[in-house]
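Please treat every number below as a calculation from the coordinates, not as lab data. The shown structure was predicted, so the numbers you read here are calculated from the model rather than taken from an experiment. As a convention, Cβ positions derive from the backbone with ideal geometry for all residues, glycine included, and neighbour counts pool all protein chains shown.
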Amino acid sequence: MTGETSIAELKGVGPALAAKFTILGLKTVDDIVDNYPRVYQDFSVITPISQLRPGVVTIQAKVQHVSGRYVRRGMHITEAVASDDSGSMRIIWFNQPYRAGAIKADHDYFISGTYELSRGRLSLMNPSLELASEFPLNTARIVPIYRETKGLTSRQIRQAIKQVLPYIAQLPESLPNWLLTEQDLMSRSDALRTIHFPDSTNQLAVAHRRLGFEEVFRLSLASLLNKQENQSAPAVQIPFDQKLAKKFVSNLPFTLTDAQRAAIWQIYGDLQKPSPMNRMLEGDVGSGKTVVAAMAAIMVMAEGKQVALMAPTELLARQHAATIHLMLKPLGFDTQFSLLVGSMTAAQKAKVHAAVSRGDCQFLVGTHALIQDKVDMKNLALVIVDEQHRFGVEQRKTLMAKAGHMPHVLSMTATPIPRSLALTLYGELDISILAQKPGGRLPIVTELISPNSRAQVYQKIELQLTAGRQMFVVCPLISESSVLDAKSAEAVYDQIRTKDFPCWRVGLLHGKLKTEEKTAIMQRFVNHEIDILVATTVIEVGVDVPNASVMLVETPERFGLAQIHQLRGRVGRSTHQGYCYLLLSDSSAPSKRLRALSSTSDGFKLAELDLELRGPGAIYGTIQHGALDLRIAKLSDTALIAAARTSAQEFIDKNEDLLHYTQLNSHVTRLRTVTNLN
């Protein structure tokens, strides 16, 4: 048997059952070894019948007096009596008529199930049963439960795993011996055997730590190798011009925060180095990342080099263009600035392409249009990627390739990311954090609203609209769904326009609209030609309408904490008080997640809680958990992450040859393509 052996060759599987395994993506022996259980049932404690108490139990007994009968509506009941030296008890199975013929008299069985009242008597209901042995699969142990599909049960998967245990036992180690000793780790083969068939909860925890450690170690090693490679590449050195920086700052209509000053100083330090900058600018909503990006760009432009800023949506690209253009104008750089987005005419695009290739355009802002072949960057030195997690790795690499060398890269995100997650996802990046808000902004008032209080909230909103303010209404769905019980934007739009706020101008914005339509509707809202904008999360990131003071979120239970925090960041972006109303779907007590929103405006605290409650997908939605190879490790386990990261650096410092560790090398090579930019 090898790792490539087909599952169909295992005893009791065959082609038909192998096809069921394939539905779960399991084709080979290696596939089922790497298919970890999703949960476990602990049936490991065997209790004498006389000492049983209601609950989940396991007994070792002989089964007698087995009989079956059909009752009302075709239901079949099998009843039996189980006995051990201490006493007897009744067993009942529903709709399992084969039980009566399968049970052998005078044989010991392990029987595991729920001991509960049935018709006034305590009975063991629908238990698992198998002949007593030294290696039970389905009873009398901690039983693994796997992801299943129609026609394939965990019982059948366990049968297959048992057959490959000899293969697991001879699997080679994937980590260096010094690392196993240093971190007190279980061997790989023992960990894999234990993860499938644990002897105890303590041993299972040890196996989890070993496999989780290796997952984070591989990811950390991939990111550190990327960072090492990045730092070895040559870069265009951009000197710091103090007079230019002071002139830029003196023309701003606001004062930079200390966090902004610290971030730009770090960026200026990076730009002067002979190796490429690879920095993430992480800032909570409204923390002022755009001005930091513009300050980085002016140094590059002063040297006659080019800057490219790529945003995930045309709406955001146009907004960046308008904001940055105003900042560059006092310096005279506005004439070397262009926008390139998909909705522009062919003639407009051709004009921009020509200016870029000649070098007349030194700062180009756009969407995916920037990575098209027609865009020929003459001397690209700085790439700025906004909401970088929304772009695929290949898209970012394509943009950077236009430099002909490794340019300086500044990634920006408005999604607060817990440190443990940032270290794991962005290990090769240096990180600058903007945790301060610009002066003069009031904390957003966030309230949880029950359905019965909708009318009272509408009265408060009416006052805001009458005062000249505007409102966002966000819904989780575009159209009504027969599957999901959630408000749709289309239905809410009709309700608000015709019944709730008939005297106000109402617009509708969602992802199915054409880009030109979305841009036009948003521009009308910016121009205050629309008072109430009903939308989906298309307005989640970056949209800046200072006059909007109210955010109303329908069915907030459908959103993550970080997502709602982003949404409420769309209001309160001026001196006007901002309000965020979360309209609950029912009158039951709100969840811990939603209560946290009303008690704190700290995006980083909320991100930590979202990570703890919902996992990394809630924060980092575009790279799936599986792509990161994290199936065991918890990103909330900061101690494990720190240990694995330290060990990864030690692996590099020891000049270990990755090629000596075949299995490790395979994983790290793949992970280097999904961690950030290289």
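Okay, here's what the table says:
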item: Straight-distance crosslink candidates among aspartates and glutamates, where the alpha carbon sits under 16 Å from K487 and sequence neighbours closer than 8 are dropped; result: D500, E554, E557, D586
item: Top positive-direction residue, dipole computed over the stretch 56-99 with Cβ charges, set M89, T58, M75; result: M75
item: For the chain, convex hull volume per residue from C-alpha positions, Å³; result: 206 Å³
item: Rg over Rh [alpha-carbon atoms, Kirkwood Rh] for the stretch 215-349; result: 1.00
item: Computed magnitude of the charge dipole of the chain (debye, nearest 20; Cβ of K, R +1, Cβ of D, E -1); result: 1360 debye
item: Distance histogram for the stretch 31-185 (every C-alpha pair counted, 5 angstrom bins, percent rounded to whole numbers); result: 2, 8, 15, 17, 17, 14, 10, 6, 4, 3, 3, 1, 0, 0
item: Distant alpha-carbon pairs in the stretch 506-555 (separation over 17 angstrom), percent; result: 27 percent
item: By average C-beta atoms within 10 angstrom, highest first, the peptides 79-91, 301-313, 116-128; result: 301-313, 79-91, 116-128
item: Under 19 Å from K243, Cα to Cα: lysines that are on another chain or at least 8 residues apart; result: K305, K329
item: Size of electric dipole in the stretch 68-218: Cβ of Lys, Arg +1 and of Asp, Glu -1, about Cα centre, debye, nearest 20; result: 980 debye
item: Local electrostatic count, N126, Cβ distance below 11 Å [Lys/Arg +1, Asp/Glu -1]; result: 0
item: Mean separation of Cα contacts under 8 Å (6+ apart) over length of the stretch 1-65, as relative contact order %; result: 24 percent
item: Three principal axis lengths of the stretch 110-225 [C-alpha, angstrom, descending]; result: 65, 30, 27
item: The chain: calculated mean residue ellipticity at 222 nm from DSSP helix runs of at least 4, using -39500 (n - 2.57); result: -11000 deg cm²/dmol
item: Convex hull per residue volume in Å³, alpha carbons only, for the stretch 167-222; result: 82 Å³
item: Cα-based convex hull volume of the stretch 71-117 per residue, rounded to whole Å³; result: 100 Å³
item: Relative contact order (%) - criterion: Cα under 8 Å, at least six apart; region: the chain; result: 13 percent
item: For the chain, with +1 on Lys and Arg beta carbons and -1 on Asp and Glu, the positive-most of A548, L179, G12 along the dipole; result: A548
item: Fraction of alpha-carbon pairs over 22 Å apart in the stretch 275-374 - percent; result: 28 percent
item: Percentage relative contact order, the stretch 239-391, counting C-alpha pairs under 8 Å, at least six apart; result: 28 percent
item: Rg [Å, one decimal], Dmax [Å, integer] - the stretch 248-313, C-alpha atoms; result: 12.4, 34
